[in-house]
1. Using a 10 Å cut-off on Cβ to Cβ distances, tally the other chain neighbours for every residue of B:238-249 and report the average as a whole number.
2. Nearest 100 Å² is fine: what is the total accessible surface buried where chains A and B meet, probe 1.4 Å?
3. Out of every Cα-Cα pair in the range B:111-217, what percent are more than 23 Å apart?
4. Could you grab the Rg to Rh ratio for chain B? Cα atoms only, Kirkwood for Rh.
5. In whole percent, what relative contact order does chain A give with Cα contacts below 8 Å and a gap of six or more residues?
6. Considering only DSSP beta bridges where both residues belong to the protein assembly as shown, give the percentage that are antiparallel (nearest 5).
7. Report, to one decimal in Å, the Kirkwood hydrodynamic radius for the range A:222-357 based on all distinct Cα pairs.
8. Which of B:Met119, B:Met135, B:Met144 moves most in a GNM of chain B, Cα contacts under 10 Å?
Number of protein chains: 2
Amino acid sequence: MALKSFLEISPDSHFPMENLPYGVFKPDESSAPRPGVAIGDYVLDLQVIASAGLFNGPILANSDCFHQPNLNKFLEMGRPAWKEARATIQKLLSSAEPSLRDNASLRQNGLLPAAQVQMLLPMAIGDYTDFFSSMHHARNCGLMFRGPENAINPNWFHLPIAYHGRASSIVVSGTDIIRPRGQGHPSGNSPYFGPSRKLDFELEMAAVVGPGNRLGEPVDVNEAAEHIFGLVLMNDWSARDIQAWEYVPLGPFLGKSFGTTISPWIVTLDALQPFGCDAPQQNPSPLPYLAEKNSKNYDISLEVQIRPAGEETSYVVTRSNFNHLYWTVTQQLAHHTINGCNLRPGDLLGTGTISGPEPESYGCLLELTWNGQKNVSLGGTSRKFLEDGDEVIFTGCCKGNGYNVGFGTCSGKIVPSIP
Amino acid sequence: MALKSFLEISPDSHFPMENLPYGVFKPDESSAPRPGVAIGDYVLDLQVIASAGLFNGPILANSDCFHQPNLNKFLEMGRPAWKEARATIQKLLSSAEPSLRDNASLRQNGLLPAAQVQMLLPMAIGDYTDFFSSMHHARNCGLMFRGPENAINPNWFHLPIAYHGRASSIVVSGTDIIRPRGQGHPSGNSPYFGPSRKLDFELEMAAVVGPGNRLGEPVDVNEAAEHIFGLVLMNDWSARDIQAWEYVPLGPFLGKSFGTTISPWIVTLDALQPFGCDAPQQNPSPLPYLAEKNSKNYDISLEVQIRPAGEETSYVVTRSNFNHLYWTVTQQLAHHTINGCNLRPGDLLGTGTISGPEPESYGCLLELTWNGQKNVSLGGTSRKFLEDGDEVIFTGCCKGNGYNVGFGTCSGKIVPSIP
């Protein structure tokens with residue numbers, strides 16, 4: 001590991017000096033929310049650091065961006081501010097720098113055990129868009145519902161397909177998810193009504209928008225990375241029975257809008273940069289507005305575990321990787337704005353379910369159980385879809401040379417429908 | 001007319017004492033936004049009235065809800081606050097009440113000529129949902145794209161179909177709309193890219209959400225009216241070529257997200273109450289969670305005019321009515337929350353295009369020109385879809401006995417794509 005902190009950081013930690021992901025937290029129930037950075041087993045309170053005058057670079061010295069209840073103001077400032085903050089925080093936490101290391105009261109106030117703080121949503125999300133950018137997921141869904149002849153619609157290879165999701169029901173990891181009620185697909189003539197019988201997770205990641213753009217002014221695909229602050233893990237919970245019945249012709253609605261969970265820590269593109277890898281070859285070639293000079297994915301290992309109610313053990317049900325995405329996050333962002341649509345700081349762009357090519361890398365139970373035709377094993381028991389009490393835990397991690405750049409976990413437990 | 005103001009109000013005005021719609025305005029460019037009510041040719045500045053201590057009822061006397069840059073705080077307070085405000089404003093403006101009538105400086109500060117103020121969006125819109133609740137519109141679209149066998153999908157008669165729209169690009173009446181660029185449906189093998197060739201309006205109205213509900217706690221359909229503050233006119237601009245190519249399988253996205261225009265004045269359900277009428281008989285009977293004790297529409301005459309670039313004259317292209325909706329706004333709201341989805345104050349619920357049964361009452365050019373197969377006449381010229389420079393003007397009005405309760409206009413002009 002190249003960077004050494006004065007804090008002891010386990011080589012297994014997701015949050016070494018190379019990462020420094022951003023979140024928002026409360027030190028205790030009665031405190032106001034404020035921005036923080038994860039470092040080893042600690043959270044660095046950026047409000048404390050800012051108040052101590054330690055953000056002394058030209059952009060941040062006179063900014064109140066860390067005296068806010070969310071990251072939106074910092075997101076809006078763009079990459080120059082993000083780079084300055086990263087350099088300052090990396091220096092402050094390094095073993096060679098005394099200003100925090102040797103100041104006991106500042107360490108006491110500014111470095112809080114992560115286990116003791118309450119994590120919140122890191123940003124106010126104006127709009128949330130969900131893409132459909134994994135070819136394996138698109139193909140599997142197509143095979144199940146349309147058959148092999150038309151598994152993937154012709155438009156899919158020409159543009160990153162997406163829909164607008166519900167921003168109000170996005171929650172932070174750890175929030176219980178109430179099983180939704182709704183109408184299900186009729187087997188006879190009349191639709192079923194009640195608690196969803198086909199509750200699923202969707203293994204996704206999402207980009208957090210930085211400065212955004214003005215209405216009518218598209219973002220060039222080769223500048224799109226400047227508009228992405230970082231990535232989070234995302235579980236786009238889905239009620240497959242509700243979705244199947246409602247989605248023609250206007251797309252997903254109540255089958256998704258009961259809840260979406262994101263991880264509390266946003267890993268920046270700067271921290272992910274060493275894990276960049278080539279994006280898949282696209283055939284046909286994308287139209288010029290989607291053609292990137294340098295088309296990049298990231299090598300992020302993803303894993304989903306389920307812990308049944310009352311059990312200590314959780315069971316891995318799938319392993320996938322962010323690099324399976326056909327459309328890159330920068331293509332997604334450029335496409336989103338090509339019609340002039342404005343993105344705002346804090347907007348969330350989901351990737352869609354990230355399924356790999358092998359059956360054990362599929363990103364949701366719909367695919368893993370082939371719409372309930374097979375079982376997924378959880379030790380002594382099994383699942384077709386989620387049961388009440390199931391906790392679903394996502395992890396994501398990039399493996400460096402002797403260190404990780406990880407996302408921590410994104411988890412949620414299913415609780416029964418309200419009668 | 002039962003209610004008499006000390007202001008002279010034309011019998012043709014949309015804004016008599018019986019209406020009192022709410023909006024947000026700036027008295028001049030340099031002023032801060034504040035809430036107002038339209039009365040005749042004037043806007044009543046509610047901040048001035050509140051500062052003068054004239055909101056002296058038990059709920060509003062100690063509230064700062066009219067010292068806000070939008071109506072969200074007032075919306076959140078619910079019907080008791082709305083009723084108190086309406087009673088206070090109606091009294092203040094009445095010919096019999098001296099407190100405003102006889103106070104020259106208060107009249108000078110608090111009653112501004114409507115022509116001189118700048119109208120803004122009345123609320124901060126967290127989420128925007130668009131329904132598809134007109135049977136005639138659903139049938140026409142189905143006939144065009146699927147043929148008579150399956151004109152309306154079976155789910156349509158069981159639930160109010162909807163999709164999530166883009167909140168960031170909602171603009172107030174009078175804002176220019178830039179023609180979107182995007183991919184169009186290929187006639188050969190490859191998609192077309194460029195400025196939309198099939199730009200359309202959609203004649204809609206939208207409900208503005210009041211108090212909203214907590215995540216996981218559905219709103220009962222018989223209490224849903226308590227969660228609706230009022231209605232606005234809405235133009236859900238649509239690029240039909242972009243939409244047709246992108247919308248399978250996840251629904252409308254860039255074909256709609258470049259802009260949505262709403263009227264500046266929210267007409268309250270209290271003002272619309274005299275114009276309530278029976279909603280259509282629903283067959284099959286809706287599931288219990290959608291079954292209303294008292295299923296109500298409103299008799300609101302709607303009209304769309306187009307004014308071509310450089311012309312003084314505008315031409316009526318359609319006349320419709322809000323009472324053509326199959327699913328009521330209260331059913332829409334209850335359905336939206338049945339899965340536990342939370343609505344927030346200021347959220348917008350669009351009705352979908354409101355088409356009537358006759359060809360001259362269809363609510364968009366797609367239907368009026370049958371996807372470009374016919375022309376709509378504009379005096380000496382005609383249209384299949386909108387051209388640059390066209391201004392589209394919606395009006396909506398309820399006819400009382402000697403008075404109107406109207407929505408004013410909702411307009412927007414098409415300007416060329418940015419090269």
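1. Values: counts 0, 1, 0, 0, 3, 0, 1, 4, 9, 6, 8, 16.
So the per-residue partner count for this stretch is 4.
2. Details: alone 17920 and 17920 Å², together 30570 Å².
Heavy-atom accessible area buried at this interface is about 5300 Å².
3. Working: 3098 of 5671 pairs.
Value for the range B:111-217: 55 percent of Cα pairs lie more than 23 Å apart.
4. On the way: Rg = 21.5 Å, Rh = 22.2 Å.
The Rg/Rh ratio comes out at 0.97.
5. Numbers: 1010 pairs, mean separation 90.0, N = 419.
Answer for chain A is 21 percent.
6. On the way: 139 of 155 bridges.
Of all bridge pairs located within the protein assembly as shown, approximately 90 percent are antiparallel.
7. Working: mean 1/r = 0.0581 Å⁻¹.
Taking every pair of different Cα atoms in the range A:222-357, averaging 1/r and inverting gives 17.2 Å.
8. Per the Cα network of chain B with a 10 Å cutoff, B:Met144 tops the list.
The values are calculated or read from the model by the stated rules, or taken from the named source; none is laboratory data. On a predicted model such as this, the values are computed, not experimentally measured, just so you know. Glycine also receives a Cβ, built like all others from the backbone with ideal geometry; neighbour counts cover every protein chain displayed. We work out accessible area using only protein heavy atoms, side chains counted, and drop any ligands, DNA or RNA first. Shrake-Rupley method; radii C 1.70, N 1.55, O 1.52, S 1.80 Å.
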